[in-house]
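What follows is one structure encoded as structure tokens, with my remarks underneath.
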Amino acid sequence: MYNNRGIIFKHHFNLLPHSLKIAEWLSDGMRPAVCLKIDESHRPVKLRKIVLGFPCSVNQTEFKFDLTLNYKIASVIQTYSEQKPTLVFCATRKGVQ
């Protein structure tokens, strides 16, 4: 996205699905911000997306459930990374440590 001051904002469309709303918000009314959408065919390296689900027991708090996921992340990366760089999205900063 480009705003009227020449500032470039880059984001991944799947991470920010409301990009048109953000472009509208960045506009100043005289010149609209431009939102460019690029599909997966333009990626130099194709992404492989893995989505896993883990059950949360009824008597488990969200905090404790998140903590249990933090302990599982290393084995998940080892299982799916094929010794290649891996991008993992964590809910908190502490989950990245």
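Numbers for the structure displayed
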item	result
Members of the stretch 1-52 found to be modelled with pLDDT of 75 or more, among the hydroxyl-bearing types (Ser, Thr, Tyr) and either in contact with a strand residue (DSSP E or B) (Cβ under 7 Å, 6 or more places away or on another chain) or not in a loop (DSSP other than H, G, I, E, B) (or both), listed by number	Ser41
Residues within the stretch 56-97 that are in contact with an Asp or Glu (Cβ under 8 Å, 6 or more places away or on another chain) and either surrounded by fewer than 12 Cβ atoms within 10 Å (Cβ to Cβ) or on the phi > 0 side of the Ramachandran plot (or both), tallied	2
Residues of the stretch 53-64 satisfying the condition of being in a helix (DSSP H, G or I) and either in contact with a helix residue (DSSP H, G or I) (Cβ under 8 Å, 6 or more places away or on another chain) or farther than 14 Å from Lys94 by Cα (or both)	Glu62
Any chance Lys21 is loosely packed, with under 10 Cβ neighbours inside 10 Å, charged (D, E, K, R) and out of contact with any Cys (no Cβ under 8 Å at 6 or more places or on another chain)	no
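The values are calculated or read from the model by the stated rules, or taken from the named source; none is laboratory data. In this text the structure is predicted, and so the values were computed from the model without any measurement. Neighbour counts are summed over all protein chains in view; Cβ atoms, including those assigned to glycine, are modelled from backbone coordinates with ideal geometry.
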